[in-house]
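Q: First the structure, which I've put down as structure tokens, then a few questions once you've had a look.
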Amino acid sequence: MNAPLHSPRIAAHDIHPMFTARWSPRSFTDETLPEDELLTMLEAARWAPSASNHQPWRFAWGLRGDEGFDAILGGLLDFNAAWAAKAAALVAIASRSTVAGSEGAPEVANLWHGFDAGAAWSNLALQAHLSGYAAHAMGGFDHDRAAAALNLPKDHHLHAIVAIGRQGEAAVLPEKLRAREMPNARLPLAQIARRGTFA
Ligand SMILES: Cc1cc2nc3c(=O)[nH]c(=O)nc-3n(C[C@H](O)[C@H](O)[C@H](O)COP(=O)(O)O)c2cc1C
């Protein structure tokens with residue numbers, strides 16, 4: 001079943017309800033996230049498709065209260081850190097931008113590493129939703145600060161930091177964020193997909 005009629009999340013075609021039910025809240029309960037649940041989400045990410053099956057995605061994660069969590073949190077910009085500090089887990093998503101050349105040749109660029117990391121993020125977010133958690137991606141981080149804190153290798157690109165937890169009450173958020181604490185809409189399909197042409 002799709003979202004109720006007052007929701008901006010009404011699918012125009014018959015899709016699985018998880019696609020419209022997943023969204024990115026900023027309020028989390030105090031509940032911790034068992035490591036197994038986090039590994040289940042990363043496992044879903046691991047099964048994403050990738051160019052030549054290179055699997056360029058890499059993850060650094062921490063559970064609230066551990067050093068890894070604090071290291072990732074320290075990389076976030078203030079406007080995200082303010083609410084993401086209450087998440088039960090933080091996951092930094094990077095991808096390796098090169099692959100080994102054939103037969104010992106030097107490393108070559110993997111043009112699809114970012115595309116593939118996006119597919120892995122999507123799997124992670126949908127698994128989090130199916131497991132009863134919410135995952136919220138953030139591009140608002142200081143790249144150099146996060147890269148240093150997480151020992152990001154030189155040929156890796158850091159894409160996003162993801163906050164994960166059980167969704168909390170909107171009421172606990174500051175007023176500005178409270179007003180935005182709801183599922184949003186999407187562009188009409190006809191605006192983003194055309195038969196045989198982009199424009
Ligand atoms: C790569 C990426 C970067 C994002 N950066 C931020 C961010 O810095 N702060 C934030 O609050 N939300 C951020 N978001 C969340 C998006 O605003 C959100 O996914 C989008 O509005 C669609 O809403 P939904 O996820 O609830 O469907 C980001 C999402 C993605 C995928």
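Q: Is it fair to say Asp155 is free of Cβ contacts under 8 Å to residues at least 24 places away in the same chain and acidic (Asp, Glu)? Full working, then the answer.
A: Values: free of Cβ contacts under 8 Å to residues at least 24 places away in the same chain: no; acidic (Asp, Glu): yes.
For Asp155, the condition - free of Cβ contacts under 8 Å to residues at least 24 places away in the same chain and acidic (Asp, Glu) - is not met.
Q: Then there's this: Please determine, by comparing only the residues of the range 138-197 that are β-branched (Val, Ile, Thr) and over 22 Å from Phe28 (Cβ atoms), which one is nearest to the ligand (Cβ to nearest atom).
A: Keep residues of the range 138-197 that are β-branched (Val, Ile, Thr), which gives 161-162, 164, 172, 192, 197.
Still in the running and over 22 Å from Phe28 (Cβ atoms): 192, 197.
Values: Ile192: 14, Thr197: 27 Å.
Looking at residues that are β-branched (Val, Ile, Thr) and over 22 Å from Phe28 (Cβ atoms), I get Ile192.
Q: Considering only residues of the range 24-43 that are aliphatic (A, V, I, L, M) and farther than 17 Å from His159 by Cβ, which is farthest from the ligand (Cβ to nearest atom)? Break it down into steps so the answer makes sense when it comes.
A: Here is the first cut: in the range 24-43, the residues aliphatic (A, V, I, L, M) are 33, 38-39, 41-42.
Then keep just the ones that are farther than 17 Å from His159 by Cβ; that gives 33, 38-39.
Details: Leu33: 19, Leu38: 19, Leu39: 22 Å.
Here the residue is Leu39.
Q: If you take the residues in the range 59-77 that are within 16 Å of the ligand (Cβ to nearest atom) and part of a strand (DSSP E or B), which one is nearest to Leu150 (Cα to Cα)?
A: Taking the range 59-77 as the starting set, the residues that turn out to be within 16 Å of the ligand (Cβ to nearest atom) are 59, 72-77.
Checking which are part of a strand (DSSP E or B) leaves us with 59, 76.
Numbers: Phe59: 10, Leu76: 12 Å.
That would be Phe59.
Matching residues to (1) acidic (Asp, Glu); (2) assigned to a helix (DSSP H, G or I); (3) farther than 27 Å from Ile15 by Cα:
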site: Phe79; (1), (2), (3): no, yes, yes
site: Ala94; (1), (2), (3): no, no, yes
site: Gln127; (1), (2), (3): no, yes, no
site: Ala147; (1), (2), (3): no, yes, yes
site: Lys154; (1), (2), (3): no, no, yes
site: Leu158; (1), (2), (3): no, no, yes
site: Ala185; (1), (2), (3): no, no, no
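Q: Could you tell me which numbered condition His129 fails, if it satisfies all but one of (1) surrounded by fewer than 17 Cβ atoms within 10 Å (Cβ to Cβ); (2) touching a residue at least 12 places away in the same chain (Cβ under 8 Å); (3) within 15 Å of the ligand (Cβ to nearest atom); (4) not small (Gly, Ala, Ser)?
A: That leaves (1) as the condition not met.
Q: Residue by residue through the range 138-171, note down the ones that are among the hydrophobic types (A, V, I, L, M, F, W, C) and in contact with a Leu (Cβ under 9 Å, 6 or more places away or on another chain). Outline the logic, then answer.
A: Looking only at the range 138-171, we keep the residues that are among the hydrophobic types (A, V, I, L, M, F, W, C), and these are 138, 141, 146-150, 152, 158, 160-164, 170-171.
Matches in the range 138-171: Met138, Phe141, Ala146, Ala147, Leu150, Leu152, Leu158, Ile161, Val162, Ala163, Ile164, Ala170.
Q: Any idea which of Ala81, Ala119 is within 13 Å of the ligand (Cβ to nearest atom) and touching a Leu at 6+ places or on another chain (Cβ under 8 Å)? Break it down into steps so the answer makes sense when it comes.
A: Numbers: Ala119 fails: touching a Leu at 6+ places or on another chain (Cβ under 8 Å).
Sole residue among the options that is within 13 Å of the ligand (Cβ to nearest atom) and touching a Leu at 6+ places or on another chain (Cβ under 8 Å): Ala81.
Q: Right, something else. Checking the condition under 15 Å from the mean Cα position of the chain (by Cα) and surrounded by 14 or more Cβ atoms within 10 Å (Cβ to Cβ), which residue from Leu158, Leu150 passes? Give the derivation first.
A: On the way: Leu150 fails: under 15 Å from the mean Cα position of the chain (by Cα).
Every option except Leu158 fails the conditions.
Every number here is computed from the coordinates shown, using simple stated rules; none is lab data. This one's a predicted model, so the numbers in the text were calculated from it and none came from an experiment. When we count neighbours, we look across all protein chains shown, and the Cβ atoms used for this are built from the backbone with ideal geometry, even at glycine.
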